[in-house]
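What follows is a set of notes on a single structure, which appears directly below.
Coordinate-derived values only; no laboratory data. What you see is a predicted model, and the numbers here were worked out from it, not measured in a lab. Here the Cβ positions follow ideal geometry from the backbone for every residue, glycine too, while neighbour counts run over all protein chains shown.
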Amino acid sequence: MIIQQITLHHLNMNMKTPFVTSFGSVQEKPFLLVEVMDKEGNIGWGETTAFQAPWYNEETFQTNLHIIKDFLIPLVLNKQINHPDEVSAIFSPIRKNNMAKAGIEGAIWDLYAKRNHLTLSEALGGSVKKIEVGVSIGLQKSTEQLLNVVRRYIHEGYKRIKVKIKPGQDVNLIAALREAFPNIPLMADANSAYTLKDISLLKELDQYNLLMIEQPLDYDDIVDHAKLQNEIQTPICLDESILSLEDVKKAVELGSAKVINIKIGRVGGLTEAKKIHDYCMEKNIPVWCGGMLEAGIGRAHNIALTTLPNFTLPGDTSSSSRYWDEDIISPEVIAKDGYITAPTGYGIGYEPNMETIKKFTIDRWIFK
Ligand code: OSB
Ligand code: MG
């Protein structure tokens, strides 16, 4: 295929409620959508996942835009690409900037699947028809409020509850949740809020039968996580520290994690995500698909990836309505009783809603 035109759409969308983590709060979210078109007029869509500010990782909306416009588009526009697996090699002269790369690569995967009359799931080699999903819950104003929010999502059927923790809002929160909900599949995400000095506090969490603790230590650490995993029972899951298959191999070799959270943006695209999935499957390490407060196109990509067989733990991809009053795809993503049914249409399987996209659009750039 030859990509003849690339359109970048800059959208701004307001979340229903701010999402609060140990590193900050997100209320308004900028989106950079990537629309690629081949010579025959087929179209593929991608969504970049960086936030407005570099809290979660070093990328931002603006760096994604800069890297895509000035470096990545020239590498793929009007070039022959036979398979989306080639894209990561084409992008390899550009260091990191994984979320920028994943935005374009995802659009090329969607285009490839559509051209070949495949669902994105099929193009990736997935076969699961209904994926199990959980929900990620930000820090709340009070424990009371947290219990209410968790109760609501359990009632909606989500298969796993993940709550954010930070120093001062950790053991107390988990203890209260366990008392109220003794048997729910529960986990905590610290987003790097702790250090090895907190070992005794993190050990206290062992008594609450958590599925795992996500990224307790530094965002780029794998060494201290191995030391911590040696001291605690709760399985450690790495999120921020994993940018590539190489990172996973090192973490597994060191014993830094027993579970891996795969985010398509963080690892630079679906091809790398699939490689990580395959390696973990071989090593008997369960994986799940993380979320980045995506709008519909990002959600669609997550759903397709999650249909691969080693996504044995419920991920963070919830209903569109969890965050958005109105999503940018039709139909919206719906989790029913904790399951999302993979769409059957070609490519991402959801139709971008151009009217809604236009409504949220602030700027647009066309390259040909
Ligand atoms: O650490 O997984 C994370 C949201 C923003 C930044 C980082 C994270 C999260 C989430 C929310 O946990 C996942 C989602 O619902 O999209
Ligand atoms: Mg996380």
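What is the local net charge at GLY291, summed over the other residues whose Cβ is closer than 13 Å to its Cβ (Lys, Arg +1; Asp, Glu -1)?
Combined, the nearby Lys, Arg, Asp and Glu give +2.
Taking θ as phi - 60°, what are the ³J(HN,Hα) couplings along the stretch 30-38 by the Karplus curve (6.51, -1.76, 1.60), each to the nearest whole Hz, with x for Gly and Pro?
Going residue by residue, I get x, 10, 10, 9, 10, 10, 10, 10, 8 Hz, with x marking Gly and Pro.
Reachable aspartates and glutamates from LYS162, Cα under 12 Å, same-chain residues fewer than 8 places away excluded?
Result set, ordered by chain and number: ASP189, GLU214, ASP316.
Taking the Cα centre of the chain as origin and charging only Cβ (+1 Lys, Arg; -1 Asp, Glu), how large is the dipole, in debye to the nearest 20?
For this selection, approximately 340 debye.
Can you sort ILE68, ILE94 from fewest to most other Cβ atoms within 10 Å of each residue's own Cβ?
With the fewest neighbours first, ILE68, ILE94 line up as ILE94, ILE68.
Give the residue from GLN207, THR7, PRO352 lying farthest towards the positive end of the charge dipole for the chain; charges sit on Cβ (+1 for Lys and Arg, -1 for Asp and Glu) and the dipole is referred to the Cα centre.
Towards the positive end, the residue furthest out is PRO352.
Where the only charges are on Cβ atoms (+1 Lys, Arg; -1 Asp, Glu), what is the dipole of the stretch 179-255 about its Cα centre, to the nearest 20 debye?
Computed about the Cα centre, the dipole is about 220 debye.
Could you work out how far apart the two model spin labels at ASP70 and ILE366 are, taking each label as a point 7 Å from the Cα in the direction of the beta carbon, and quote it in nm?
2.5 nm
What FRET efficiency, computed as 1/(1 + (r/R0)^6) with R0 = 25 Å and r the Cβ-Cβ distance, is obtained for LYS16 and VAL128, rounded to the nearest 0.05?
0.30
Counting pairs on different chains as well as pairs 8 or more places apart, how many Lys pairs in the stretch 1-115 have Cα atoms under 23 Å apart?
Lysine pairs meeting both conditions in the stretch 1-115 amount to 15.
So what is the relative contact order for the stretch 122-351, in percent, with contacts set as C-alpha pairs under 8 Å and at least six apart?
Averaging sequence separation for qualifying contacts and normalising by length gives 23 percent for the stretch 122-351.
Name the residue from VAL26, ILE165, ASN82 whose Cα lies farthest towards the positive end of the charge dipole of the chain, charges +1 on Cβ of Lys and Arg and -1 on Cβ of Asp and Glu.
It is ASN82, whose Cα lies furthest towards the positive end.
Cross-link partners among lysines for LYS283, C-alpha distance below 21 Å, same-chain residues fewer than 8 apart left out?
LYS227, LYS249, LYS250, LYS258, LYS263, LYS274, LYS275
Are there GluC sites (Glu not before Pro) in the stretch 1-108 that DSSP puts in a loop and that have at most 12 other Cβ atoms within 10 Å, and which ones?
Taking the stretch 1-108 and a limit of 12 other Cβ atoms within 10 Å, the loop GluC sites (Glu not before Pro) found are GLU40.
Taking the alpha-carbon distance from LYS141 and a cut-off under 14 Å, which aspartates and glutamates remain once sequence neighbours fewer than 8 residues away in the same chain are dropped?
Qualifying aspartates and glutamates at Cα under 14 Å: ASP170.
Taking the DSSP beta bridges in the chain as the whole, what percent of them are antiparallel, to the nearest 5?
So the antiparallel bridges in the chain amount to around 65 percent.
For a label point 7 angstrom out from the Cα of ASN116 toward its Cβ, which stretches of the stretch 78-110 have the backbone nitrogen within less than 18 Å?
Only 80-90, 105-110 fall inside the zone, counting backbone N under 18 Å.
Compute the FRET efficiency between LEU254 and LYS141 as 1/(1 + (r/R0)^6), taking r as their Cβ-Cβ distance and R0 = 41 Å, and round to the nearest 0.05.
After rounding to 0.05, the efficiency reads 0.60.
Could you give me the radius of gyration and the Dmax of the chain, taking only the C-alpha atoms into account and expressing both in angstrom?
19.6, 61
At 222 nm, what helix-only mean residue ellipticity would the chain give, in deg cm²/dmol to the nearest 500, using -39500 (n - 2.57) for each DSSP H run of four or more?
So the helix-based figure for the chain works out to -9000 deg cm²/dmol.
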